[in-house]
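Chemist: Following this message is one structure expressed as structure tokens.
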Amino acid sequence: MELTQSDAQKIRTVIERQIAAFLQDDFSLAFSQAAPGIQIQFGTATNFVRRMESAYPSVHRPRSVVFESLLMIQEVPSQQVILMDQSGELIRATYTMQKQQNNSWKIAGCYLTPMG
């Protein structure tokens, strides 16, 4: 898959929109940025956000966000983002992305790697 500059900007916007939605407790908007498979897995926005709160606190409430490289990992577009959690720890979040039939992008997964 060849990624265009437009794809890269759209991917960044989706991730930024989800992070902003988490910070504003807008469960529906945060959930709407997830790919259909994630939405099916969690069923409701409330279930999704509860999981994010407990398992991904650095994604749910980052203190700081810095975008890094957009990579292809096993032919899957993957955006790396450095997050600072509330305690000041740095974590690299790798967001796997999925292009939808309407050419929009959705978040298909997020994998965290401690940086310390």
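Chemist: Would you confirm whether any residue within the range 98-110 is open to solvent by less than 50 Å² (accessible area, probe 1.4 Å), of a type in the set (A, V, I, L, M) and either under 15 Å from Thr13 (Cα atoms) or touching a helix residue (DSSP H, G or I) at 6+ places or on another chain (Cβ under 6 Å) (or both)?
Modeler: So far as the range 98-110 goes, yes, one or more of its residues are open to solvent by less than 50 Å² (accessible area, probe 1.4 Å), of a type in the set (A, V, I, L, M) and either under 15 Å from Thr13 (Cα atoms) or touching a helix residue (DSSP H, G or I) at 6+ places or on another chain (Cβ under 6 Å) (or both).
Chemist: On to the next question. Among the residues of the range 1-24, write down those that are open to solvent by 70 Å² or more (accessible area, probe 1.4 Å), farther than 16 Å from Glu68 by Cα and touching a residue at least 24 places away in the same chain (Cβ under 8 Å).
Modeler: Once the filter is applied, which keeps residues that are open to solvent by 70 Å² or more (accessible area, probe 1.4 Å), farther than 16 Å from Glu68 by Cα and touching a residue at least 24 places away in the same chain (Cβ under 8 Å), the range 1-24 yields Met1, Leu23.
Chemist: Here is a follow-up. Which one of these is in contact (Cβ under 8 Å) with a residue 60 or more places away in the chain and either of a type outside the set (Phe, Trp, Tyr) or over 22 Å from Thr4 (Cα atoms) (or both): Gly88, Gly37, Gly116, Gly43?
Modeler: Being in contact (Cβ under 8 Å) with a residue 60 or more places away in the chain and either of a type outside the set (Phe, Trp, Tyr) or over 22 Å from Thr4 (Cα atoms) (or both) holds for just one of Gly88, Gly37, Gly116, Gly43, which is Gly37.
Chemist: Here is a follow-up. What pairs come out if I take residues in the range 50-71 that are over 16 Å from Gln24 (Cα atoms) and pair them with residues that are assigned to a strand (DSSP E or B) and open to solvent by less than 70 Å² (accessible area, probe 1.4 Å) whose C-beta lies under 6 Å away, six or more apart or interchain?
Modeler: Val66/Ile82; Phe67/Val81; Glu68/Gln80; Ser69/Gln80; Leu70/Gln79; Leu71/Ser78
Chemist: While we're on this one: For the range 76-94: of the residues being closer than 15 Å to Ile107 by Cα and not β-branched (Val, Ile, Thr), which is most open to solvent (accessible area, probe 1.4 Å)?
Modeler: Only one residue tops the list, namely Gln80.
Chemist: Now for a different question. Condition test on Ala55, is it modelled with pLDDT of 95 or more and aliphatic (A, V, I, L, M)?
Modeler: It is false that Ala55 is modelled with pLDDT of 95 or more and aliphatic (A, V, I, L, M).
Chemist: I'd like to verify a number: residues in the range 79-88 that are farther than 16 Å from Lys10 by Cα and in contact with a Leu (Cβ under 9 Å, 6 or more places away or on another chain), how many?
Modeler: Of the residues in that region, 3 qualify.
Chemist: Take the range 25-71 and flag every residue that is touching a helix residue (DSSP H, G or I) at 6+ places or on another chain (Cβ under 9 Å), open to solvent by less than 50 Å² (accessible area, probe 1.4 Å) and not in a helix (DSSP H, G or I).
Modeler: Answer for the range 25-71, where residues must be touching a helix residue (DSSP H, G or I) at 6+ places or on another chain (Cβ under 9 Å), open to solvent by less than 50 Å² (accessible area, probe 1.4 Å) and not in a helix (DSSP H, G or I): Gln33, Ala34, Pro62, Phe67.
The values are calculated or read from the model by the stated rules, or taken from the named source; none is laboratory data. Note that this is a predicted model, so its numbers are computed, not measured. Note that each Cβ is placed from the backbone with ideal geometry, even for glycine, and that neighbours are counted across all protein chains shown. We work out accessible area using only protein heavy atoms, side chains counted, and drop any ligands, DNA or RNA first. Shrake-Rupley method; radii C 1.70, N 1.55, O 1.52, S 1.80 Å.
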